[in-house]
Amino acid sequence: MIILDSILHPSDFSDNSAQALRYARTLSKLFNAKLHIVNIAEDNPTAISLEIGAEGGSERAMKLVSDGMMARHLERNGIDVEDVIAISLRGDPHEEIVSYAKRHNIDMVVMGTHGRRKITQIFMGSVAERVVRNAHCPVLTVPED
């Protein structure tokens, strides 16, 4: 018998991510599992951090923007913030996802894919592909429509 106590959904707030969130939410309800939702802001300069200027200020601004986006993402998808663990992280997306899953004993990761062109994938790789290769638990990938 498969037991899922905790499910992780990494979100980038895209439509495809919302599709994957529906799968994660359904599975969490079926298994009565805790749903963890994370957003990872890459450690690259952004328009926001360039406008703010100071290093500490840019991190705070990114956190506030990510938290606001997370709240709107959950609201648009009919998820009560009380029902999930929602967090914003900074770093390399696939490393942060794999690390979070391990630290929190996640039983399954449910994430979207972005169907990049082959040439882009050769040079950049795929976050979902890297998570599948490195996660300690099963990973369900939801393709773009």
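Miscellaneous remarks
- Those helices (runs of 4 or more DSSP H) of the range 35-145 in which at least 2 residues are farther than 21 Å from Gln19 by Cβ and at pLDDT 80 or above, considering only elements entirely within it, cover 93-103, 127-134.
- Scan of the range 8-34 for residues that are at pLDDT below 90 and not small (Gly, Ala, Ser), ordered by number: Asp12, Phe13, Asp15, Asn16
- Taking each residue of the range 73-99 that is within 13 Å of Arg25 (Cα to Cα) and looking for partners that are charged (D, E, K, R) and in a loop (DSSP other than H, G, I, E, B) with beta-carbon atoms closer than 8 Å, six or more apart or interchain, yields Leu74/Asp80.
- Near pairs, Cβ below 9 angstrom, 6+ apart or cross-chain, from the range 130-145 (surrounded by 13 or more Cβ atoms within 10 Å (Cβ to Cβ)) to any residue that is among the basic types (Lys, Arg): Ala135/Lys102; Cys137/Lys102; Val142/Arg22
The values are calculated or read from the model by the stated rules, or taken from the named source; none is laboratory data. Every value quoted in this text rests on a predicted model; they were computed, and no experiment measured them. Quick reminder, even Gly has a Cβ in these numbers, built from the backbone with ideal geometry, and neighbours come from all protein chains shown.
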